[in-house]
Amino acid sequence: MDFNYFPFPDTIRESQRRFIETIIESDSRFHIVSAATGTGKTAASITAALNLRDIYLNDVDFEWEQIFYLTPKHSQRKIVLETVKKINQLYEKNIRVLDWKPKEKTCYTNRDCSYRKCPFLGKYHIFVSKSLSMEKPPLPSSPIWDAVTVHNFAQIHGICPYYAQKYLAPMADVLLLDYNHIYARIFPVPDGLLRRGVLIVDEAQNLPDRVRGYYRLSIGMIEIADFGRSMEDASDRVFRFYYQDIRETPSGYISGIPRDLADDEEEELEEFMTNIATLKNSFPEFMRELSDSMKKIVGKKKLFDYSDLEFDYRRIKDMIISLKGCIRFMRDKFEEKDMIRPFERILRFLRYWTGYASSESTIRYWIKEPDDLLINLRRIEVGDIIREISGEFKRVIYQSATLFPIDFYIHEFGLDGFDEDLNVQVFPSPFPAENRLIRIVPEPKLTFENWGSDEKSDDTMKSLSYILGELLEAIPPGRVGVFCASSGLCERLRPYLEDVTDRSIVYAPSVIKTFVKEKMLSDFFEKENAVLLTPQGGSLTEGVDYPGDKLIAAFIVGIPITKYDENHRIVQEYYRENYGRDLGFLYSTVYPAVAKSIQAAGRVIRTESDRGVVIFIDKRWAWRLYNSSFPREWYLNTQYELISRSLTELKVEIKRFYSRL
């Protein structure tokens, strides 16, 4: 079939063509696309989405639809912006793409976001009122609405850049957002102004855990009790905002004269004060019930259900309604995080605690700390949430290089039994097999017990650093990645690594700010002979390109299994009870960890001309439990072919590989 918008029409791969055509022609709403790293998923999915958008435009039953592209990675956002820019140039289009930025990255003044404190906010509402009366509302001159373009547009019109994004969002063809904007429903633009056409979820293997994070809460009894003070502080701030000539008596009572308010402002203020009064009246009794319930549970049972609790649920329901009203008022009038956050935390607690926002997979348990009692609430299964929210779009594309085993992610996305509305595509790497050398070194066993304890750590680190030193010596001068299972392992390995190689070592922790990450990458790329030491699953091992000779080899050191603590033990127990011992361990532990490792390995080969070596180091990589999830194109017959028989033999193999280049 013929289609438009592909940004590189002369070099389109057969896998990209099939990717695009299948999504355009299929009647399925949900699409899962597992395609090897570097195969051009971004260009293909955007092309498919734009062609679908044209189809919707030509259908009288549909309105103009927007494309929502979800990615948490700054580097991936840049790729999307460049892709749309290329499409506009090549096809002489004016496709508008908005790269949404959070408030803290767009604010001019770093002040509280309120009309009385920020002049740009007031000017924004005047600007919007005028724009609505214009035949052609003002827009930036460039259709690529990145941070710089939005900032300049806001500066020209004297308005707040963050609110400028709100103004522009309904007029964008493509919205670049984070997962939480859609799946935590926190995108600040009203749904009525948006048109949910095509949803593209990039690095989709991370989506289920992100959604679990939105339905996870750990809160201490001390924090809950402190909410009484938070209510008093909020009342005081609101009073001082709406009243003048305020006087405070020695007893702490304050009084004042109301400011001139419009009728709707008076109604909103009265509603807020009513809600606060409801909370203040209900909270002491709620705390008593909570304390009594926990006394009956602590020490007797670790996991408990809301049926174990004794509450006046009508009172809880009224508190939830009042909390929502207070939060809505404060967000609209103040938008001060420190003021709103306690209300949001208590609202989440009440909803999950009592079952209003929970499911059969919500687990509740307590952890005793020296000076507090933590109450933990976690929702394990989130597939129904993902399916429900994704189903609000006309077409959904989940894409990644590591969506396997496919059945696991079908389950994670809540699509079990949705065969008629689901299309799955799996594309192996299109790059020549002779361009890569992938091997497993089955030693040492890099569990935390072996590298994190004083007794075994030194021996383990000496063994690991010896292996790395020998193999680094076999690799010609260039840039190499050492991607460890955790930040702790990176830090433990670093001094040992410095002793076995002359290469410069650039260490990057798992979470770093964008400008710091770009500086680190720049420093790394400037060095001709260097090692990038960073954790798997971090900012530099997912969604980052290392084209050409920017990365000639990578060591995948260890398996990034979630630390086994009380929280993870309880999650494992849930999976074991519901899916059996073996499948439960795969779901809770193995598959998420291996996905991070494969993502890290994918940094080496990104294009047809890239060549490089990937070495997996850990005894457990030789076990079928972990290596059975390796991409099929990595071996001829069985994954055991990848296991190296000796270090000496592997060094010879590495030298022979590079000598052919």
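The values are calculated or read from the model by the stated rules, or taken from the named source; none is laboratory data. Fair warning: this is a prediction, and the values are worked out from it, not measured in the lab. No Cβ is skipped: glycine too gets one built from the backbone with ideal geometry, and neighbour counts run over all protein chains shown. Heavy atoms of the whole protein, side chains included, go into the accessibility calculation; ligands, DNA and RNA do not. Shrake-Rupley method; radii C 1.70, N 1.55, O 1.52, S 1.80 Å.
Descriptive notes on the structure:
- Magnitude of the charge dipole, the chain, Cβ model with Lys/Arg +1 and Asp/Glu -1, debye to 20: 1080 debye
- The charge dipole of region 466-516, taken about the Cα centre with unit charges on the Cβ atoms of Lys, Arg (+1) and Asp, Glu (-1), comes to about 300 debye, rounded to the nearest 20.
- Options Ser609, Cys484, Ser646, ranked by Cα towards positive dipole end of the chain, top entry (Cβ charges): Ser646
- Formal net charge of residues neighbouring Lys563 (Cβ-Cβ distance under 12 Å; K, R +1; D, E -1): -2
- Computed from the C-beta positions of Asp233 and Glu135 and an R0 of 35 Å, the FRET efficiency is 0.15 to the nearest 0.05.
- Label zone at Lys93 (point 7 Å along Cα-to-Cβ), backbone N below 13 Å, region 13-49: 43-49
- Computed from the C-beta positions of Arg331 and Leu193 and an R0 of 22 Å, the FRET efficiency is 0.80 to the nearest 0.05.
- Checking the Cα-Cα distances for Lys280/Lys513; Lys166/Lys517; Lys462/Lys596; Lys73/Lys302; Lys368/Lys513; Lys86/Lys550 against a 30 Å cut-off, the pairs over it are Lys280/Lys513; Lys73/Lys302; Lys368/Lys513.
- Each of Ile406, Ser390, Pro9 was scored by the projection of its Cα onto the charge dipole of the chain, and the greatest displacement toward the positive side belongs to Pro9; charges sit on the C-beta of Lys, Arg, Asp and Glu.
- Solvent exposure, largest accessible area first (probe 1.4 Å, DNA, RNA and ligands not counted), of Trp451, Trp353, Trp623: Trp623, Trp451, Trp353
- Restriction of the GluC sites (Glu not before Pro) in region 355-439 to DSSP coil positions whose beta-carbon has at most 14 other beta-carbons within 10 angstrom yields Glu360, Glu392.
- If R0 equals 22 Å, the separation of the Cβ atoms of Val426 and Asp27 corresponds to a calculated FRET efficiency of about 0.65.
- Label of the coordinate-derived value, Cα Rg over 2.2 N^0.38 Å, listed as (i) 1.42; (ii) 1.06; (iii) 1.02: (ii)
- Mean residue ellipticity at 222 nm, helices only, the chain: -14500 deg cm²/dmol; runs of at least 4 DSSP H residues each add -39,500 (n - 2.57), and the sum is divided by the number of residues.
- A simple spin-label model places the labels of Trp623 and Glu82 4.0 nm from each other, with each point 7 Å out along Cα-to-Cβ.
- The GluC sites (Glu not before Pro) found in region 1-101 that occupy coil by DSSP, while having at most 14 further C-beta atoms within 10 Å, are Glu63, Glu92.
- Region 426-480-region 317-354 distance, computed between alpha-carbon centres (Å): 48 Å
- Share, in percent, of DSSP beta bridges within the chain that are antiparallel, nearest 5: 25 percent
- Carbon plus sulfur fraction of accessible area for the chain, probe 1.4 Å, in percent: 48 percent
- Remark: region 558-661 carries 48 Å² of accessible area per residue (probe radius 1.4 Å; ligands, DNA and RNA excluded).
- Modelled spin labels at Glu455 and Ser218, positioned 7 Å past Cα toward Cβ, are 2.7 nm from each other.
- With the simple spin-label model, which puts each label point 7 Å out from Cα in the Cβ direction, the Ala147 to Ser282 separation comes to 4.1 nm.
- Taking each residue as 0.36 nm, the span from Asn578 to Asp523 lengthens on full extension beyond its C-alpha to C-alpha distance by 15.0 nm.
- Local electrostatic count, Ile397, Cβ distance below 15 Å [Lys/Arg +1, Asp/Glu -1]: 0
- P(r) of region 402-500 over all Cα-Cα pairs, binned every 5 Å from zero, in whole percent: 2, 9, 15, 15, 11, 10, 12, 11, 7, 4, 2, 0
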